[in-house]
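Chemist: First the structure, then my questions, so here it is.
The values are calculated or read from the model by the stated rules, or taken from the named source; none is laboratory data. What you are looking at is a predicted structure, and each value in this text was computed from that prediction instead of being measured. Cβ placement follows ideal geometry from the backbone for every residue including glycine, while neighbour counts extend to all protein chains displayed. Side chains are part of the model used for accessible areas, which takes the heavy atoms of the whole protein and leaves out ligands, DNA and RNA. Shrake-Rupley method; radii C 1.70, N 1.55, O 1.52, S 1.80 Å.
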Amino acid sequence: MSKFGEHAGITCDGCGVKPIAGLRYKCQMCANHDFCELCYEEYDKGMLKQTTQSARVNPISKRTEDHKFQEYADKDFKGMGGGAPPAAKVKKQKPNDPCNCGSGKKAKKCCGAA
């Protein structure tokens, strides 16, 4: 299952964006600590971002070694998809349709006869 999409109701504790769009990174060590992709990249470089507002509402350690982030999606998360588009349906030839060979005969009396 892809974890890429809109994470409704989730706020990034780094930049404050809500909802998080794209990948969501949740700290496995903290009760409620989430990052968007951009803030996770900064964390991965050793810089832990935190907005003033999120520091007040959800205080967390600013030491990078106190955190362990992992891609995360809730059980009811619906991703944005990705991958190959669904295959187009092929119309099945019915016995009374004109034959595909172009003869003008019904399929059941031409090439489709078995």
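Chemist: Can you give the accessible area of Glu65 in Å² (nearest 10), computed on protein heavy atoms with a 1.4 Å probe?
Modeler: 120
Chemist: Moving on. Lys78: net charge of surrounding residues, Cβ under 15 Å, Lys/Arg +1, Asp/Glu -1, itself excluded?
Modeler: Taking every Cβ under 15 Å from that of Lys78, the sum is 0.
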